[in-house]
Amino acid sequence: MQTNDFPTKYNKHIDQQVNEDINTARRQCSVRTVEIGKQRYSKPKGNGALTGASIGFGLGFFVCAGVCIAKLQDGFDYASTTGLITYVVIFLITLFLGIIIDSMAKSAYEGNESRIDERIKDENKSLEGEIETIRSTGEAKKAQYLTWFENTSQNMSVKFAESDLAKEVIDWMSDGFFRTIDSTDRRPHIERINVPFMFKVYREKITCNLGTYDFELKRCAFLKSPLEQTALARAIVTTMQLNTIMHYPQDASGTSVSIQIEYKYDDEYVCATISYLAPNGEFQNVRVW
């Protein structure tokens, strides 16, 4: 597992690799499809019948003449009749053979075209399956990395929770968060109280709506990796959540309190949001005149 990237940056790397793999698969499929396409041959012209008729016409004439000459001793009428019959038979045979050849050529051509079309269809279908596998593998890698990243940073957060510097930051943020909660509008037209507190942890600073906690100015060591940045953010959120629950067993309006936590990642920082949520006990429904 990589330890120097936030999930967002890691995901971009995976997306790039997935796109490259898909393009490679498409190129390979295209090459195979072209090779399959080379096995096509020209469509038969279908002139076998004409050729057979032409051959029959010429061959029948010479055979007819030969038969007539050979049968002259049997009489002219018999010789001419026999020659004519021979001519017709030869003509019909060559014509029929030409038609058969046309039919066989057409059948062979259509069969070859069908096989090639089916192979190309199978290649495209196989490509779709390969692309789906590539994408699924990429998504699985993203999910696996996110799980590993969050679990590892959560385990590391214990070390930061015990740090005096972390406690200093937490006290600073908690005080500002509590002031915002206390000053939140609870007039009767407000149905729910929602007070979010967002901060971002960079390698060299922490920023929030209260200002910036600059590690250089505060003489704090820079964080070494996104894992440490996320671990510190989790330590801050966990402690702020506990502090808030202890400080507000119930809302000032007399209702129960809940805390919502959300983490978002950028390429350079982790953004954490802790939200104070409670129904407004002072809320009043609209009255009818």
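What to note about this one:
- Applying a DSSP loop filter and a limit of 15 other Cβ atoms within 10 Å to the trypsin sites (Lys or Arg not before Pro) in the stretch 222-282 leaves Lys224.
- For the stretch 162-279, the Rg and Dmax computed from alpha carbons only, in angstrom: 15.0, 48
- The protection proxy used here, the mean number of other Cβ atoms lying within 10 Å of each residue, ranks peptides 184-197, 160-173, 266-279 as follows, highest first: 266-279, 160-173, 184-197.
- Förster radius 30 Å - calculated FRET efficiency between Thr207 and Asn151, Cβ distance, rounded to 0.05: 0.70
- Computed from phi, the 3J(HN,Hα) profile of the stretch 241-247 under the Karplus parametrisation 6.51, -1.76, 1.60 (θ = phi - 60°) reads 4, 5, 4, 5, 4, 6, 6 Hz, with x in place of Gly and Pro.
- Cβ-defined net charge surrounding Thr152, 14 Å radius [Lys, Arg +1; Asp, Glu -1]: 0
- Full-stretch length increase - Leu217, Arg187 - with 0.36 nm per residue and alpha-carbon distance subtracted: 6.7 nm
- Pairs from the table (Lys141/Lys200; Lys141/Lys224; Lys159/Lys200) lying more than 22 angstrom apart at Cα are Lys141/Lys200; Lys141/Lys224.
Quick note: the coordinates plus some simple rules give every number you see, no bench work behind them. The model shown is predicted, which means the values in this text are computed figures rather than measured ones. Glycine also receives a Cβ, built like all others from the backbone with ideal geometry; neighbour counts cover every protein chain displayed.
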